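Report on the structure given below.
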Amino acid sequence: MARTFDDLLKKVAECSTKKVAVAVAQDDAVLEAVVAAKEKNIAEAILVGDKDKIEAIAAEMKIDISDYEIVDVKDDYEAALTAVKLVHDGKADMYMKGLIDTKSFLKSVLDKEVGLRTDKTLSHVCIFDVEGHDGLLFLSDVAFIPYPDLETKANIIRNTVEIAHACGIETPKVAPLAAVEVVNPKMPATVEAAELTKMCEEGKITGCIVDGPLSYDLAIDPEAARHKGATDRKIVGDADVLLFPDIHAGNILYKAMVHNAKVVNGNVLTGTKAPVILTSRSDDFETKVNSIVVAAVVAEELNK
């Protein structure tokens with residue numbers, strides 16, 4: 001079971017070599033990340049985009065990409081379609097966003113002919129390795145679905161549990177978060193959290209333990225659970241997955257952790273036929289590399 005990103009790296013070392021198709025690869029941060037991923041034996045890359053610009057950026061950064069496969073496509077959206085088709089056709093294992101706007105990138109993911117769409121809900125999963133916390137934390141959804149309804153929340157749990165399983169966590173504990181840990185009819189997030197718990201008990205959500213509503217402190221801090229007399233809960237400060245009531249709560253916590261705590265993290269878009277690496281321009285180099293690590297682990301699981 002992976003408890004740190006170092007454990008995930010060891011897990012990648014046990015996998016077959018993965019290949020990532022990069023859409024519009026003429027991006028310095030993305031090029032730096034895929035080169036580092038190759039050097040660390042995480043994954044190889046196919047660079048799709050304007051070849052002249054890709055080579056110019058690499059030269060400026062003093063990066064040797066002479067042995068990389070480069071597919072020369074000048075138009076950004078055509079480059080995205082070309083890159084996603086490589087994954088769709090099994091020539092690459094994961095799909096990564098380069099210098100293209102998110103809307104166009106997602107449009108290529110959902111393309112009916114060459115994309116990676118399934119009948120599943122698309123959702124974003126962030127994995128955190130937080131100093132001082134025992135084990136990895138899986139956060140969802142912090143970047144993709146603004147206001148999930150009850151069924152969407154159930155699907156987010158299903159997607160996130162698949163990622164946790166790929167990371168070796170056999171029965172992840174899922175905490176649907178709210179401001180309080182009791183059901184209050186005037187607080188819809190608590191009502192839905194309780195319903196999700198019931199759905200898990202009835203076998204409608206499987207492969208995990210769901211216990212909600214839970215406040216954040218009860219979900220991640222065993223001492224807080226003891227102080228509040230909540231030691232009879234299924235989750236006693238040992239949650240693996242944090243499910244947020246909406247994107248505001250998730251995104252605020254995500255950014256607070258990134259900017260105010262000592263963390264290592266990686267992100268992946270799931271609910272697709274293959275892992276999709278959707279990082280932000282503001283994400284640092286390490287986060288981009290770690291996102292490739294997560295995608296490689298998930299790709300290995302999907303290929304079984």
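The values are calculated or read from the model by the stated rules, or taken from the named source; none is laboratory data. Keep in mind that what you see is a predicted model, and the values were worked out from it rather than measured. Glycine gets a Cβ as well: all are built from the backbone with ideal geometry, and neighbour counts include every protein chain shown. With ligands, DNA and RNA removed, areas are computed over all heavy atoms of the protein, side chains included. Shrake-Rupley method; radii C 1.70, N 1.55, O 1.52, S 1.80 Å.
The table for this structure:
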read-out	value
The lone exception for Gly115 - which of (1) open to solvent by less than 60 Å² (accessible area, probe 1.4 Å); (2) within 30 Å of Ile220 (Cα to Cα) it fails	(2)
Residues located in segment 187-211, provided they are open to solvent by 50 Å² or more (accessible area, probe 1.4 Å) and among the polar types (S, T, N, Q)	Thr206
Segment 49-77, residues that are free of Cβ contacts under 8 Å to residues at least 40 places away in the same chain, assigned to a helix (DSSP H, G or I) and over 14 Å from Ala21 (Cβ atoms)	Lys51, Asp52, Lys53, Glu55, Ala56, Ile57, Ala58, Ala59, Glu60, Tyr77
Breaking point among (1) closer than 29 Å to Glu286 by Cα; (2) of a type outside the set (Phe, Trp, Tyr); (3) open to solvent by 30 Å² or more (accessible area, probe 1.4 Å); (4) in contact with a Ser or Thr (Cβ under 6 Å, 6 or more places away or on another chain), for Asn184	(1)
Residue among Ile57, Ile65 that alone is more than 24 Å from the chain's Cα centre (by Cα), modelled with pLDDT under 95 and either crowded, with 16+ Cβ neighbours inside 10 Å or aromatic (Phe, Trp, Tyr) (or both)	Ile65
The one condition in (1) part of a helix (DSSP H, G or I); (2) open to solvent by less than 10 Å² (accessible area, probe 1.4 Å) that Ala224 fails to fulfil	(2)
Flag if Asn303 is open to solvent by 10 Å² or more (accessible area, probe 1.4 Å), among the polar types (S, T, N, Q) and touching a residue at least 40 places away in the same chain (Cβ under 8 Å)	yes
Flag if Ala295 is out of contact with any Gly (no Cβ under 6 Å at 6 or more places or on another chain), buried (at least 21 other Cβ atoms within 10 Å of the Cβ) and in a helix (DSSP H, G or I)	yes
Output for segment 148-181, where each listed residue is more than 20 Å from Gly237 (Cα to Cα), polar (S, T, N, Q) and open to solvent by less than 10 Å² (accessible area, probe 1.4 Å)	Asn159
Condition broken by Leu196, with the remaining ones in (1) without any contact (Cβ under 8 Å) to a residue 40 or more places away in the chain; (2) assigned to a helix (DSSP H, G or I) satisfied	(1)
Residue count for segment 46-69, restricted to those that are within 20 Å of Gly115 (Cα to Cα), hydrophobic (A, V, I, L, M, F, W, C) and touching an Asp or Glu at 6+ places or on another chain (Cβ under 8 Å)	2
Odd one out for Val48 among (1) open to solvent by less than 30 Å² (accessible area, probe 1.4 Å); (2) in contact with a Phe, Trp or Tyr (Cβ under 9 Å, 6 or more places away or on another chain); (3) modelled with pLDDT of 95 or more	(2)
Within segment 117-146, tally of residues that are of a type in the set (Ser, Thr, Tyr) and in contact with a His (Cβ under 9 Å, 6 or more places away or on another chain)	1
Only one of Thr17, Thr4 that is polar (S, T, N, Q) and within 19 Å of the chain's Cα centre (by Cα)	Thr4
Selected residue [over 26 Å from the mean Cα position of the chain (by Cα) and under 21 Å from Leu139 (Cβ atoms)] from Ala193, Ala225, Ala239	Ala225
Enumeration of residues in segment 4-15 that are outside any helix (DSSP H, G or I) and open to solvent by less than 50 Å² (accessible area, probe 1.4 Å)	Thr4, Cys15
Extreme residue, modelled with the lowest pLDDT, among residues of segment 16-41 that are in a loop (DSSP other than H, G, I, E, B) and more than 16 Å from Ser291 (Cβ to Cβ)	Ser16
Single condition Leu242 does not satisfy, out of (1) over 13 Å from Glu181 (Cα atoms); (2) in a helix (DSSP H, G or I); (3) modelled with pLDDT of 95 or more	(2)
Every residue from segment 238-273 that is touching a helix residue (DSSP H, G or I) at 6+ places or on another chain (Cβ under 6 Å) and surrounded by fewer than 21 Cβ atoms within 10 Å (Cβ to Cβ)	Val263, Val264
